[in-house]
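Here is the structure we will look at.
What follows is calculated from the coordinates using simple rules that are stated; it is not laboratory data. Worth saying up front: this structure is predicted, and the values here are computed from it rather than measured. Quick reminder, even Gly has a Cβ in these numbers, built from the backbone with ideal geometry, and neighbours come from all protein chains shown.
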Amino acid sequence: MRYLATAILVTFCLGLLWFCPSSGQQGGSRAQAVATPPEAPVEPVQLEKHGDVRVDDYYWLNKREDPAVMDYLVAENEYTDAMTAHTNGLQEILFEEIKGRIKQTDISVPYKMDDYFYYTRFEEGKEYTVYCRKKGSLEGVEEIMLDVNKMAEGHEFFSVDEWTVSHGQDLLAYSVDTVGRRKYTIYFKNLTTGETLEDVIPDVTGNMAWANDNKTLFYSKQDPTTLRPYLIYRHVLGMPVEEDELIYEETDDTFYSYVFKTRSKRYVMIASHQTLRSEYRYLNADEPGGKFKVFLPREGEHEYQLDHYGGDFYIRTNLDAKNFRLMKTPVNKTGKENWQEVIPHRAYVLLEGFEIFKDHLLLEERKDGLIQMRIRPWSGEGEHYLDFGEPAYFAYARDNYDFDTPVVRYVYTSLTTPRSVFDYNMVTREKTLLKQEEVLGDFDSGNYQTERLWATAKDGVKVPISLVYRKGMKKEGSSPLLLYGYGSYGYSMDATFGSYRLSLLDRGFIYAIAHIRGGEELGRQWYEDGKLLKKKNTFTDFIACAEYLVQEKYTSPEKLFGMGESAGGLLVGAVFNMRPDLFKGIVAGVPFVDVLTTMLDESIPLTTGEYDEWGNPNEKQYYDYMLSYSPYDNVEAKEYPHLLVLTSLHDSQVQYWEPAKWVAKLRAMKTDHNLLLLRTKMEAGHGGVSGRYKRYREAAFIYAFLLDLAGIKE
């Protein structure tokens, strides 16, 4: 899917912006000498489909290995450096300011898993995480499992994706990407001796799960071209990787597959998913040499997820339940005729997830756009909800690996509340704050105000908006405002805190999130009304939110900015064409803007698996509809707002040439003199750069762009 992984996708809401400029740029004669925007050569290619002929002048930019392509991307970077050189001083101020708010030497809240407490920590001046554990208690001796700072030496990009400890707690499997293309290598480490084993599994997805014999690992591989994960292998430590057994192959190219272990550790699961369908296979983790059994064959538009507890599988399913319900069935009777309802379907409440404890069931629900946590004792008495007490917030359960406990751990944050980790006793209802993200300096949450507003879309639907600003803001239309949106894949954009964002708020900016259709904030129907042949609702909802904020004098078109990333880049790209008069500037990160050409190319990663999201353009009705909104195809000879476009050369989800082509076409056609900037990070992928200091600099670069256009100077 053309979104960032969960930890990444919420990062803008957390204030972490991912597309980093060169950290060493401080202006200078060379940058200032580059005054003319680069012109991409025109090489027309005719693209024919359904009797329609489109001429693509910049199709050649998809030739990654062509020196002319690299020359063009470098020229665009140099032009961007030149046009932003006057903000270098401001960028440095912002960088130090952002860095100064974040505790540079820090440790996460340890969580218990089996006999160990696991945690991560950062050290001042270092880019990467140190993964650690202690046996028995928090007073135990620290064991460093991975020091990514040492591992990353000599690499411009370095990412540890998944890591998992064996059933015997003495072996670590972990996956590493040194390019950013999300092609990983799995390594193994003996945690007792510190030895790195000879077993190395290259060119994999990074996804994996241990069996219970302490020597068998299941892992997934992807198609080398499309990067679709579709093969599940079994590796036995000490055996040649070339002899690993192929356990499962997903032959439907609209599905992707991965492997995981149930929370009970009793079963290894193979999941196959498509936008509208699911299928699971299960294997007793004590019998890793056995054969996987199908839980329920894929059918119709049936989506479900599984976990295990006791003698039953628990199923979150949309079977006769648009907003999902919870069922259970005996392990040896998985057919639907044996399913028993645990939590019924509700028309106005979306069941997002569940966690099982010995004496309690925790339900994560979404109502009116907000997460609610419902505690339900298995005894049936004492059911209740946690009270969060703010108009806009985000909460989720985390790091709960122990069944036999009355305590659930969860994370809470809001637009004014830093990320906070709580333990909640489901029996006594006592809440214990374990840690709140420390914001250094003079931060006081009482200085900021958050609101929840509702804009009216063109078809009369009410669209929620979450926003935050520094107290004292006057609604006179004079405040600069950054409106963020996503609106795809049913992914909800929640109201979360970001210490980075204080650099905008303290300079008078308002930050707002448009909870537009295509997400799942208001239930499953909210998602379905923003996809396929209803996709334009996503764009018009965003416009309605912008118009409402102007109408209510929170801002004005001369002070309004929009931002979106990945599929959110498609959002702001479409809005950029539809209502250029409404915005002062737009920031588009790894934007999915060449929709039609991409969805017609089945060799590109993600394409076939996304027909149920965007439509299959091989069918004329979807072809015509995509053509009507695809940002690249709808560039016109007219005036546009200022635009900053950010991409990564090794992006595996939105290929770099989409934003490159878009910028080239805009350069040739737009009639204004506003800024049009493209920055390509040459050592990164869809998630941007690796390393926290590089991300600080990226945030400083983007914020300097916004503040400069808003007329706010240091």
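Listing for the model above:
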read-out: Cross-link table Lys336/Lys534; Lys112/Lys261; Lys99/Lys367; Lys553/Lys584; Lys435/Lys559, entries beyond 25 Å C-alpha to C-alpha; value: Lys336/Lys534; Lys99/Lys367; Lys435/Lys559
read-out: Cα Rg, Dmax, segment 104-144, angstrom units; value: 10.6, 33
read-out: Paramagnetic label zone (point 7 Å from Cα along Cα-to-C-beta, Lys367; backbone N under 18 Å) in segment 496-514; value: none
read-out: Loop GluC sites (Glu not before Pro), segment 412-463 (other Cβ atoms within 10 Å of the site Cβ: 14 or fewer; DSSP); value: Glu430, Glu438
read-out: FRET efficiency, Lys358 to Val439 (Cβ-Cβ, R0 30 Å, nearest 0.05); value: 0.20
read-out: Residues Val200, Val141, Val160, sorted so that the one with the fewest Cβ neighbours within 10 Å comes first; value: Val141, Val200, Val160
read-out: Extension gain from Lys49 to Lys474, taking 0.36 nm per residue of separation minus the Cα-Cα distance; value: 147.7 nm
read-out: Distance (nanometres) between label positions extended 7 Å along Cα→Cβ at Tyr348 and Thr671; value: 4.9
read-out: Proximal lysines relative to Lys536, as straight alpha-carbon distance under 19 Å, when same-chain residues fewer than 8 apart are discounted; value: Lys458, Lys462, Lys620
read-out: Between helix 692-709 and the chain: long-axis angle, C-alpha atoms, 0 to 90°, nearest 10; value: 30
read-out: Rounded tilt (10° steps) of 88-101 against the dominant C-alpha axis of the chain; value: 30
read-out: Cβ-defined net charge surrounding Phe324, 10 Å radius [Lys, Arg +1; Asp, Glu -1]; value: +2
read-out: Gain upon complete extension [Val141, Asp57; 0.36 nm per residue less C-alpha separation]; value: 24.0 nm
read-out: Loop GluC sites (Glu not before Pro), segment 79-185 (other Cβ atoms within 10 Å of the site Cβ: 10 or fewer; DSSP); value: Glu124, Glu139, Glu153
read-out: Segment 223-312: trypsin sites (Lys or Arg not before Pro) in DSSP coil with no more than 14 other Cβ atoms inside 10 Å; value: Lys291
read-out: Net charge over other residues, Cβ less than 11 angstrom from the Cβ of Leu582 (K, R count +1; D, E count -1); value: -1
read-out: Cβ-defined net charge surrounding Thr432, 14 Å radius [Lys, Arg +1; Asp, Glu -1]; value: +2
read-out: On Cα atoms only, tilt of 620-629 relative to the major axis of the chain in degrees; value: 60
read-out: Whole-number percent relative contact order across the chain, with pairs defined as alpha carbons under 8 Å at least 6 apart; value: 14
read-out: Dipole-positive endmost among Tyr554, Tyr632, Leu532 within segment 506-654 (Cβ charges, Cα centre); value: Tyr554
read-out: Arg121-His155 pseudo-label distance in nm [points 7 Å out on the Cα-to-Cβ vector]; value: 2.3
read-out: Fewest-first ranking of Tyr72, Tyr622, using other Cβ atoms within 10 Å as the exposure measure; value: Tyr622, Tyr72
read-out: Pairwise label distance in nanometres, Ile712 with Glu390, each label 7 Å out on the Cα-Cβ vector; value: 2.0
read-out: Gain in span if fully extended, Asp601 to Ala637, counting 0.36 nm per residue against the direct Cα distance; value: 10.2 nm
read-out: Point-charge dipole on Cβ atoms (K/R +1, D/E -1) for the chain, about Cα centre, debye to 20; value: 1600
read-out: Kirkwood-Stokes translational diffusion coefficient of the chain, alpha-carbon pairs, 10 °C, 1.306 mPa s, µm²/s; value: 60
read-out: Size of charge dipole - segment 212-292 - debye, nearest 20, with Cβ of Lys, Arg +1 and Asp, Glu -1, no other charges; value: 500
